[in-house]
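Read the structure below first, then the notes.
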Amino acid sequence: MLDLEYLLSAILLLHLPIELIKIIQRVMQIAESAAGRNSPAVARALQNLAQIHQTRSDYLRAESLYQQAVQIQESAAGRNSPATAEALHRLAS
């Protein structure tokens, strides 16, 4: 199975952010349908989407998406979990 993070990085390197945004939005829809809006999979998709917006210098949108991811990780895994720490780290960077 192809690593999604690797695929996203490759698409970003090819300068195809619009296509990448569509793919991640679809992944997020699937994750929401399968596991619910507050699932860690949705949080990861939000983080990936935020990273693209950050790369495109759309910092306000990126920050909003990172904040949503932090909220989901905190409710799903707890405030002191590694997943929440990673989400906070991405928000801070």
What is the distance in Å between the Cα centres of the range 64-93 and the range 14-54? 15 Å
Pop a pseudo-label 7 angstrom from the Cα along the beta-carbon direction at both E32 and L60 and give the gap in nm to one decimal. 2.2 nm
With labels modelled as points extended 7 Å from the Cα through the Cβ direction, what inter-label distance (nm, one decimal) is found for Q25 paired with H89? 3.0 nm
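Bear in mind these aren't lab numbers, they're just calculated from the coordinates by the rules spelled out. None of these values were measured; they are calculated from a predicted model. Ideal geometry is used to build each Cβ from the backbone, glycine not excepted, and the neighbour counts take in all protein chains shown.
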